[in-house]
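Inspection log for the structure reproduced underneath, given as structure tokens.
Each value in this text was obtained by applying a stated rule to the coordinates, not by laboratory testing. Every value quoted in this text rests on a predicted model; they were computed, and no experiment measured them. With ideal geometry, Cβ positions are generated from the backbone for all residues, glycine too; neighbour counts draw on all protein chains shown.
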Amino acid sequence: MPRRTDIKKILIIGSGPIIIGQACEFDYSGTQACKVLKQDGFKVILVNSNPATIMTDPEFADRTYIEPITPEVIEKIIEKEKPDALLPTLGGQTGLNAAVALAESGVLHRFGVELIGAKLQVIKKAEGRNLFKKAMSRIGLDLPRSSFAYSLSEALRNVEDVGFPVVIRPSFTLGGTGGGIAYNLEEFRNIVSTGLMLSPINEVLIEESVIGWKEYELEVMRDLKDNVVIVCPIENFDPMGIHTGDSITVAPAQTLTDKEYQQLRDAAIAIMREIGVETGGSNIQFAVHPETGRLVVIEMNPRVSRSSALASKATGFPIAKIAAKLAVGYTLDEIPNDITKETPACFEPTIDYVVVKIPRWTFEKFPEADARLTTKMKSVGEAMSIGRTFKEALQKAIRSLEIDRYGLGADGREEIIEEQVHQKLAVPTQDRIFYIKYALSMGMSVEEVYELAKIDPWFLYQIQEIVLVEQEISKYNLKTLPKELLKQAKRYGFSDVQIAYLTGSTEEAVREKRKDSGITPTFKLVDTCAAEFEAYTPYYYSTYEVESEIRPSTKPKIAIFGSGPNRIGQGIEFDYCCVHAAFALKEEGFETIMINCNPETVSTDYDTSDRLYFEPLTLEDALNIVGAEKPKGVILQFGGQTPLKLAVPLEKAGVKILGTSPDSIDLAEDRKRFGALLRKLGVNQPPHGTATSFKEALKVARGIGYPLLVRPSYVLGGRAMEIVYSEEMLEGYIASAVKASPEHPILLDKFLEDAVEIDVDAVSDGETIFIGGIMEHIEEAGIHSGDSACVIPPLSITDQQIEEIKECTRTLARVLNVVGLINIQYAIKGGTLYVLEVNPRASRTVPYVSKATGIPLAKLAARAMVGRTLKELGYEERHELKHIAIKEVVLPFGRFPEVDTVLGPEMKSTGEVMGIDQGFGQAFAKAQMGAGVPLPAKGTIFISVRNRDKKAIVHIAKKLVELGFEIVSTKGTAEVLTQSGVKVKEVLKVREGRPNVVDLIKNGEIDLVINTPWGKGPRTDGYYIRTATSAYGIPCITTIAGASAAIKGIEAMIVGDIAVKAIQDYHIEEFLLETKTESASAVEEKKCSK
Amino acid sequence: MREKAILALEDGTTYEGTAFGAIGEAVGEVVFNTSMTGYQEVLTDPSYAGQIVTMTYPHIGNYGVNSEDYESRGPFVEGFVVREYSRIYSNWRAEDSLENFLNSYGIVGIQNIDTRALTKHIRSEGAMKGVLSSVDLDTQSLVEKAKASPGLIGRDLVKNVTTDKPHIWWETKRVKHFHVVAFDFGIKRNILRSLETVGCKITVVPASTKAEEVLALNPDGILLSNGPGDPAGVPYAIETTGKLLGKKPIFGICLGHQILALALGGRTYKLKFGHRGGNQPVKNLLTGGVEITAQNHGFAVDQNSLKVSEREWRVGKTIPIGGWKGETEFGSIEITHINLNDGTVEGLRCLDIPAYSVQYHPEASPGPHDSRYLFEQFMKLMEEENIG
């Protein structure tokens, strides 16, 4: 039937900041939905607190609210906008939970808002474990034996029936949060207590362990007429017991006969019908016993998810887009398949290739964290690859991860610890795949490996086949290597780097030989139908086959290199810039080519650019693509560090790099060269030096003086950076830093304590430099800029200082011949301006700045890179803003309870939110709310600061008392406060006995913690305090500057009224200008026609 | 090291790969199947007699073969084309490897060719004759052989696959309410199992059985099964069916559906490359719902020959509920199902006599179970006729 006409305005809830378990996939899904609903004539209202998303660009929805995703705030938006319907299934668990809260509190009913996409009872039946269990037994489906508990004592009784090991699943939480596997009573007690607390309905499921069983996921869609289709069957390489988000997964399923697959399919359909999902998609997880085939249902998510994004990219079937259409009344047979155009979406994709997804972890940032993989998700991103066989796809996926590996071993970077082999096979960690390969290559049988790892033997045999070819190759050198073997190696996914290593030659030589032998990759289409129908959407992958399917094109091409899998330090923000570049260049009349391997992002939506290459971002793959496509130029500066590494070799190979030259980028990164340049320009920089050995480092350190910031060169996210306060700390650092980047020296900079840090993002076209945004960090300098809360416009520096900053920025941009984006980090100490870092490329603050000022910086930069001038594009710098925009980050410490929450120079945040409002206090309060740690309006505040801050804290404490708070402190701070006339209650330090401050926190008696640390790491008092706050969701401020900001925020909270305002209203003129911007070719056309 | 093998098509296109399965030479019509699971059922589906089957899904053999998943007494394909044969299999029901299975039945296979390129070629040029060989590696010779091979049009391949004498199918101890006579034109076992599930005892009869012999068995209903080749190649089956129309309830599947249409006076035609897979959307015009179906056919019923007034389907178009009416010498009929990918006829039923049929495979195997209701429908039809 045609879609509903009784609904005119739809409110969509986004998923908020990127966190482990809920990341860019919701930007991809939400953007698709907004687009398709707007196109269909609906008015779309969007709320999402994350400014680094494409969906919150003002053109995707009619009214965009970058506000905290809480029921109270959404209620205000509903009151203002009066939508007819709410679509909650595109915002992950966050969106779903918010919608449920609004429904249950009666808000939706009061304002006449209908829940579409998933009705309330459907959500509850699917997510509430109790209701789900009952529903499953009604349709005769087996679940693992289980029972519910609402208290620890109940749980202890239940576990006696179920037995150990046992799985604990809290209801309504995300990514396995609060859950886990318990092997003994002690673990059981801990996990159950946490789970009960984190579940909004205090419910946990105590479940029979099906650890080691085979795990499958089906992505399913159902419409109003009860048409049901399976979009993608996914088999988990890692068995049950490891969260699907932390498992290597493969599509389609590889080891099920048709009869067994149909059993899953029938079950999935029955589940959709019983739960009642009737206008959307779901993810359903099953476990299958490897020896009996017994099938049990594990769980169901009645919404789009990380898996549905993966399934969409794996098959080409755009689940979120279709789910949005189903939500407004279309049926599957009424929606055309985007890719084939002539056939309907009501079918099941069939694929003629294999897709492998491998998660990306960043455990190196959290050395204290437990790196074992369990039912609680720990990965921060993922890479996906496509190949004609599993072997090819697996090796491609490994080199897509960017962990400096070029396939399954055999790349000279093996780090196997012989004694750990058995353990590494049995206890899953991020490098298990390499240990599997090692074990097999050392002669361990597939059966033995299976006994330990419980990974299906079929996959293990595939790896064994890779090992056999590897062993064969090693017998030869490059000259004697037979052509047939080289071809087979390429078909098995071996990279040139691996073949070079095995034959003792170089990557270039291998490439030469390959080309001479006619062994080059072909490019095939992802078309949802295994070539049965003609495909119109150009979505390609490389493989060593016979026929290539690239079509000739008519327009000049530009290739944009993406940022690869998400990780801390390189995430959605860079993808945002790449997508914007694609949009802008398309308008400029180019054919855009996107290259990326991240299935979660908008950049890998085939709609975003004219051609999509789902490929690893290595030199070999880059050369393959540019060789086949011959673009006019490539853009490498928008994808973070990943594509930049390719700049020099690509340039050497004759590829035109658009924008700022690789040499300039190198100059900015090379401390010696850059230091000399700054000296020449008379620009201040903190004293610094480089060293390649401990002795040299000591000498340099003594020359500069402590404290020092030490780090390896040329990295992102501040990996392996540290602040050292003494020679001992320096020695300790050097011992561990050598691992980080052995070919590059370490850098030592004077660390400017108590300075104000400023970030600037600007665009240059080679002549004019446009300062996009100047932001001030609210945390002190020294904490990674990616982890700081920031504010635009800056508040505590003078106009003269701002002018100085602008001038310096322009000078540096000119001197580096920047064409495109440039980001500069400054510090102001004692009235002097210092340059800390210059990055002549996209930075992660670009989306935030663009949202704060309304100016699409990345698009301007892309246009400048193809020759447009900023003058003709017409934008004006906008620094006198009538509003304040604050960026606040979210930290993953809840996932790693063992880790200290103290922020240091290594970046730790996974995502960000923005709080935007007229005044600073309101904006800050919103930012904290959006980040999930809302400031209290009343209650008790714990304060404990290091000696240096004791003077400053007095004023802050006094203010808090005035606002009606009670203050609790440990001895040293309490003394200082009492002496200054502040009423304070003293509490014991952790090492002084019980009850102490941590007990108070656990009892819910503390509403805010201000704790500035001296030293960090486990076993310090501060460590216990801070880990308790992150476990219990209490805001924890670790700097004086942060405390001052908090006060303003608290004041705003107390006054009460948080107002909401659409982003389109903040940037009226800018928005109009952007939509009027004409492309160069359109301008040319007009000129010619005159 | 494996031997080389070559697949040569009649239009001169050749593909070089390596041999697996039996060593030898095979001749047939080259077609492709897009199912991602179910190769054992595909291989043992007698409808593939005369054909060299290409699987589009690259990994074949992953879960071995077992004794339960046979759809007939053995494989009937002439040859098998895959991208990568999985030497090793892993599944709790597996009893042997796919290669041993193919070897024991003498089925020639080829792997390591660009099956996607081959599929695209067939898609654009149509299914065509081909030769698959691991003994003759002279491409010119093979192309000549392909050109000279008989092809499918007008040939009776049913006689090669049908049972040689009538026998009872009775696998379970389920209560039997109905007696069905099933014409074995190449019948798949899952049709028999599905009938048994709805309470039927079945007598399976050879394809050439006469109408009188069938009626003498006093069945409650008659099933016209699937089978290989061109329906025009089995005029005796069409004639026999014509004599049975109106006398007993009839249910036709795949080739059976085509035979029914021809017996009603309609015509069939050859599709460019057929429908073979487990994901094809079929719209039930009577309910408006869509079924995902398993398909394997190279010919289709021409709706115009049944005097169905010009009705067409386009993606995105809303179709009103109700069958598309037509006329035959046996009374009115209606088209009950159409394929949503290309609008071809997928099902019809007679309104004045008890007979209906579908082009696709409600018994699946391999494939989805969305259309199982058609067996219940047959049961109900027989019930009504018995009462009436």
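Among rounded, prolate and oblate, which fits segment A:374-431 when a ≥ b ≥ c are the square roots of the eigenvalues of its C-alpha gyration tensor, a/c under 1.5 means rounded, and a/b larger than b/c means prolate? Oblate shape, in that a/c is at least 1.5 and b/c is the bigger or equal ratio.
Among the trypsin sites (Lys or Arg not before Pro) in segment A:367-424, those placed in a DSSP loop whose Cβ has at most 15 other Cβ atoms within 10 Å are A:372, A:413. This model, with +1 at the C-beta of Lys and Arg and -1 at the C-beta of Asp and Glu, gives segment B:4-148 a dipole about its Cα centre of some 260 debye. The distance between label points at residue A:550 and residue B:1 comes to 3.2 nm (points 7 Å beyond Cα on the Cα→Cβ vector). Take every pair of alpha-carbon atoms less than 8 Å apart whose residues are at least six positions apart; their mean separation over the length of chain A yields a relative contact order of 10 percent.
For chain B, the longest principal axis of the C-alpha atoms and the axis of helix B:235-244 are separated by about 20°.
Residues A:555, A:851, B:165, ranked from the fewest to the most other C-beta atoms within 10 Å, line up as B:165, A:555, A:851. Note on the protein assembly as shown: dipole from Cβ charges, positive end direction compared against A:768, A:497, B:301; the farthest Cα belongs to A:768.
Across peptide B:79-91, the average count of Cβ atoms from other chains found within 10 Å of a residue's Cβ is 4. The angle between the Cα long axis of helix B:115-125 and the main principal axis of chain B comes to about 60°, on a 0 to 90 degree scale. In this Cβ point-charge picture (+1 for Lys and Arg, -1 for Asp and Glu), segment B:158-387 has a dipole of about 400 debye about its Cα centre. With neighbour counts taken as other beta-carbon atoms within 10 Å, the residues B:185, A:614, A:583 rank, fewest first, as A:583, A:614, B:185. Exceedance of the 28 Å cut-off in Cα-Cα distance is limited, within the set A:76/A:1048; A:321/B:188; A:391/A:424, to A:321/B:188. Multiplying the residue separation of residue A:962 and residue A:422 by 0.36 nm and subtracting their alpha-carbon distance yields 188.3 nm. Under 27 Å from the Cα of residue A:695, which lysines turn up, not counting those fewer than eight places away in the same chain? Candidates past the 8-residue exclusion: A:365, A:672, A:739, A:750, A:1016.
In a reduced charge model with +1 at each Lys and Arg Cβ and -1 at each Asp and Glu Cβ, segment A:337-478 shows a dipole moment near 280 debye about its Cα centre. Cross-link reach is defined here as a Cα-Cα straight distance under 16 Å, omitting same-chain residues fewer than 8 places apart; for residue A:950 the lysines meeting it are A:958, A:959, A:971, A:983.
As a length-normalised measure over Cα pairs under 8 Å and 6 or more apart, the relative contact order of segment B:263-346 settles at 33 percent. The mean count of C-beta atoms from other chains within 10 Å of the C-beta of residues in B:311-318, rounded to a whole number, is 4.
In terms of distances greater than 23 angstrom between alpha carbons, the cross-link table entries A:555/A:859; A:341/A:396; A:313/B:283; A:483/B:145; A:43/A:851; A:632/A:652 yield A:341/A:396; A:313/B:283; A:483/B:145.
Name the residue from A:277, A:968, A:955 whose Cα lies farthest towards the positive end of the charge dipole of the protein assembly as shown, charges +1 on Cβ of Lys and Arg and -1 on Cβ of Asp and Glu. It is A:955. Residue pairs exceeding 24 angstrom between C-alpha atoms, taken from A:8/A:882; A:926/A:951; A:9/A:882; A:82/B:317; A:133/A:357; A:9/A:325: A:8/A:882; A:926/A:951; A:9/A:882; A:82/B:317; A:133/A:357.
Label separation (residue A:471 vs residue A:1059): 7.4 nm, computed from points 7 Å beyond Cα along the C-beta direction. Please check which bits of segment A:136-155 a label hung off residue A:161 would reach, taking the label as a point 7 Å along Cα-to-C-beta and the cut-off as backbone N under 15 Å. Within reach of a label on residue A:161: A:137, A:143-151, A:154-155. Net charge of the neighbourhood of residue B:103, taken over other residues with C-beta under 14 Å away and scored Lys/Arg +1, Asp/Glu -1, is -1.
Neighbour counting of Cβ atoms within 10 Å sorts the residues B:105, B:39, A:492, fewest neighbours leading, into B:105, A:492, B:39. For the segment B:109-118, counting C-beta atoms of other chains within 10 Å of every residue's C-beta and taking the mean gives 4.
Which of the lysines could be linked to residue B:173 by a straight reach, that is with a Cα gap under 20 Å, when you skip same-chain ones fewer than 8 residues away? Correct list for residue B:173: B:201. In the protein assembly as shown, taking the dipole from charged Cβ atoms about the Cα centre, the farthest positive-side position among A:909, A:928, A:466 is held by A:928.
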